[in-house]
């Protein structure tokens, strides 16, 4: 049975003062079936690891380089993230794809490096509003899955996050039927490529304006194993409410 996962992506938010929110989050009652992940800015990972020492809350990075080391000013390798205390890393987020021109093959190379470095790769896929309106969503998602996931992926080192670009930070949320269609499609594609074992054990998260007031409905959808949460993960109270909704689903 797949364990649920509530993942918080802090994006480019947070200084040392934000660690107080992690202290509050650490007071959230432990759950038996839901994993909790926080992906703060890289500058905070080491200090966050100290703050969360002794808790079950995991830490992740928001990106990593495809190489282990080298002359790549400003970049961070998977090994560096692991050394700082991370166990997972978000890759292929739409903001990276758009802001930095990352292609599927770039995401695939980073995911391979992350897995080789001992991290779980959280690979993001999602369509734009124009692609949704043109009824191309499944074609886009299928292409991203094929191009972004390395052959070394397993249910232990891979998580997929479906984040429709038009829903991220906008307050807009796809219908339950739309979320279900994409998550079912992703599950089927994973099973077809990797077999039932990997396909059924890989967790698929939904991301895009997940909030305490809509979390329960989203988590009721089959094949939604959790959420990749943006803004609502910055405040312990909001994120804890989402975690509670996931644990109760």
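Name the residues of region 73-116 whose amide N is less than 14 Å from a point 7 angstrom out from the Cα of residue 12 along the C-beta direction?
Flagged as within label range: 95-101.
Rank by packing, highest mean first: peptides 132-141, 41-50, with packing defined as the count of other Cβ atoms within 10 Å averaged across residues.
Descending packing order for the listed peptides: 41-50, 132-141.
Can you sort 81, 145, 190 so the residue with the fewest Cβ neighbours within 10 Å comes first?
Fewest-to-most Cβ neighbours within 10 Å comes out as 145, 190, 81.
Grab the Cα-Cα distance for residue 156 and residue 42, subtract it from 0.36 nm times how many residues apart they are, and report the gain in nm with one decimal.
38.7 nm
Given the Cα-Cα distance of residue 139 and residue 217 and 0.36 nm per residue of separation, how much length would full extension add, in nm?
Full extension from residue 139 to residue 217 adds 25.5 nm.
With each pseudo-label sitting 7 Å past Cα toward Cβ, what's the residue 50-residue 235 distance in nm, one decimal?
Inter-label distance under the simple model: 2.8 nm.
Add -39500 (n - 2.57) for each DSSP H run of 4 or more in the chain, then divide by its residues: what number comes out at 222 nm, to the nearest 500 deg cm²/dmol?
Mean residue ellipticity, 222 nm, calculated: -11500 deg cm²/dmol.
Shape verdict for the chain, please, from the Cα gyration tensor: rounded (a/c under 1.5), prolate (a/b greater than b/c) or oblate.
Here the chain falls in the rounded category.
Please check: in the Gaussian network model of the chain (C-alpha springs, under 10 Å), which one of 62, 33, 144 has the largest mean-square fluctuation.
It is 33.
Please work out whether region 3-111 counts as rounded, prolate or oblate from its C-alpha gyration tensor, where a ≥ b ≥ c are the square roots of the eigenvalues and a/c under 1.5 means rounded, while otherwise a/b larger than b/c means prolate and anything else oblate?
Prolate.
Between region 119-159 and region 183-239, what is the separation of their alpha carbon centroids in Å?
13
Could you check what % of the DSSP bridge pairs in the chain are antiparallel, to the nearest 5?
Antiparallel bridges: around 0 percent, rounded to the nearest 5.
Give, in nm to one decimal, the length gained when the segment between residue 87 and residue 176 is fully stretched (0.36 nm per residue of separation minus the Cα-Cα distance).
29.0 nm
The numbers here are math on the coordinates, done by the rules we state, and not lab data. Just so we're clear, the structure is a prediction, and the values are computed from it rather than from any experiment. Note that each Cβ is placed from the backbone with ideal geometry, even for glycine, and that neighbours are counted across all protein chains shown.
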